[in-house]
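What follows draws every value from the coordinates through simple rules; no lab data is involved. All values derive from a computational prediction rather than experimental measurement. Glycine also receives a Cβ, built like all others from the backbone with ideal geometry; neighbour counts cover every protein chain displayed.
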Amino acid sequence: MTAKALGEFKDSAAFSLGVELELQLVSKRDFDLTRGATDLLGSLDYDERFGEIKLEITESMIEISTQPQATVDGIAADLGGLRDTLRQHCERNNIGVCGGGTHPFHHWPERRICPGDRFNELYQRYGYLAKQFTVFGQHVHVGCTSADEAIWLTQALGVYVPAFIALSASSPFVDGVDSFYQSARLNAVSAFPLSGQCPPLGSWQEFTEHFAFLQACGIAQGIKDLYWDVRPKPEFGTVELRVCDTPLTIEQASSLAALAQSLARWLLRTRPPLHTAKQAHVARYNKFQACRYGLEAMISDPVNLCQTPLKQTLADLLEAVSDDARELDCAHWLSPLKQAVAGDTGDAAWLRAREKQHGNLNDVVREASERLMGKNN
């Protein structure tokens, strides 16, 4: 594989947003994953006014991505337009579309890699991990006005990875059983050698030198090889937050984008000390805590040498960014997150409640598909 130049950082409007959602394609017969992506996109009649609909690594998933937007309301409108487009075309193909970080009962050996050079290269490089990578996440892009700002924000957002994991957790079931995790999806991501956090880097120059080192060692060829929790995206002029499970609704996806936007503004406005070297020692543990326990996680603080309930940290965080949210006109989008923290509710709890109600996972996926399409709550 040929190494790809990193390229210049394309400055973008401060705190502009873009959202990507990886979605499940399911059969309406039994609500297992179905191999429908290539046929669906091949028959798609859509002018991309709301963003893109494209293939992902296996035939049982697609990715939708919004247009760049200045506001969360704009993101929500694009996601709604993309959902309506999918609803129309999927009904023609007898396919359901579903959120959630994992499909509750699919079998990974049955997955088929999508056609395309990059997907084939990934399959040849990572083998069965590529098929096990049939998991579904939300990525949020936040615009930055300079390359150095992007690297600083990449480091700063890393501290809040557990918060986004817990608030988005929607993957409690794997292989037909309860995993005991709130977000089991990230266990599949963690298997890749370049997953984890950005190393302590103080400037864009240090990042380009680090990336050149990885290229020279044959470890990474392009920016997409970095499966970091948060990474810079120079061609977009953004920082990309990558740890969220795909929520069960586009409204929840919009709320998570609002938190990312508000938090980025608060961080760049207040410039808190980062303690990146110390944070590196607890990052994996804190990520595990959030994946395993969600809102009930205990987060290790390497500066004050203690543990703090994530629920309390989240309540304090949502209060801290409230002024920034008002300035960005997205405060109303944070209300559902505050309610989730106060009530210890979320998508993982909703999925478990439906499994208890129905006694099977097929009906859980059916209801989750209806929920994404706005047919129930």
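Annotation: amide H-H contacts under 5 Å for Val97 (H modelled 1.01 Å from N, sequence separation of 5 or more, or interchain): Val26. Near Leu248: Cβ cut-off under 14 Å, other residues only, Lys/Arg at +1 and Asp/Glu at -1. The net charge is 0. Measure up Lys10/Lys131; Lys131/Lys375; Lys131/Lys311; Lys224/Lys278; Lys10/Lys224 against 25 Å on the Cα-Cα distance and list the ones that go over. Going by Cα-Cα distance, Lys10/Lys131; Lys131/Lys375; Lys131/Lys311; Lys224/Lys278 fall outside the 25 Å limit. Mean sequence separation of contacting Cα pairs (under 8 Å, at least six apart), scaled by the length of the chain, corresponds to a relative contact order of 22 percent. The length gained on full extension between Gln312 and His332, counted as 0.36 nm times the residue separation minus their Cα-Cα distance, comes to 5.1 nm. Note on the chain: GNM, Cα springs under 10 Å; of Asn93, Asn304, Asn360, the largest mean-square fluctuation is that of Asn304. For the range 269-376, the list of chymotrypsin sites (Phe, Trp or Tyr not before Pro) that fall in a loop by DSSP and count at most 14 other C-beta atoms within 10 angstrom is empty. Rounded if a/c is under 1.5, else prolate if a/b is larger than b/c, else oblate: which is the chain, with a ≥ b ≥ c the root eigenvalues of its Cα gyration tensor? Since a/c stays below 1.5, the shape of the chain is classed as rounded.
A Cβ-based charge dipole, computed about the Cα centre of the range 187-342 with Lys and Arg at +1 and Asp and Glu at -1, lands at about 260 debye.
Ignoring the sites themselves, the chain has its longest run without trypsin sites (Lys or Arg not before Pro) in a DSSP loop having at most 16 other Cβ atoms within 10 Å at 113-374. Only helices enter the 222 nm calculation for the chain: every DSSP H run of n ≥ 4 contributes -39,500 (n - 2.57), and dividing by all residues gives -14500 deg cm²/dmol, rounded to 500. From the square roots a ≥ b ≥ c of the eigenvalues of the alpha-carbon gyration tensor of the range 15-97, which class results: rounded (a/c under 1.5), prolate (a/b over b/c), or oblate? It is prolate, given that a/c is not under 1.5 and a/b is the larger ratio. Evaluated with a Cβ-only charge set (Lys, Arg +1; Asp, Glu -1), the chain carries a dipole of roughly 700 debye about its Cα centre, given to the nearest 20. Between amide H atoms placed 1.01 Å from N, distances below 5 Å from Cys244 occur with Gln138, all of them 5 or more places distant or on a separate chain. Within the shell defined by Cβ-Cβ distances under 11 Å, the residues around Ile95 carry a net charge of +3, with Lys and Arg each +1 and Asp and Glu each -1. One Cα centroid belongs to the range 121-144, the other to the range 50-120; the line between them spans 13 Å.
A full extension of the chain between Ser195 and Asn360 corresponds to an added length of 56.1 nm, given 0.36 nm per residue minus the alpha carbon distance.
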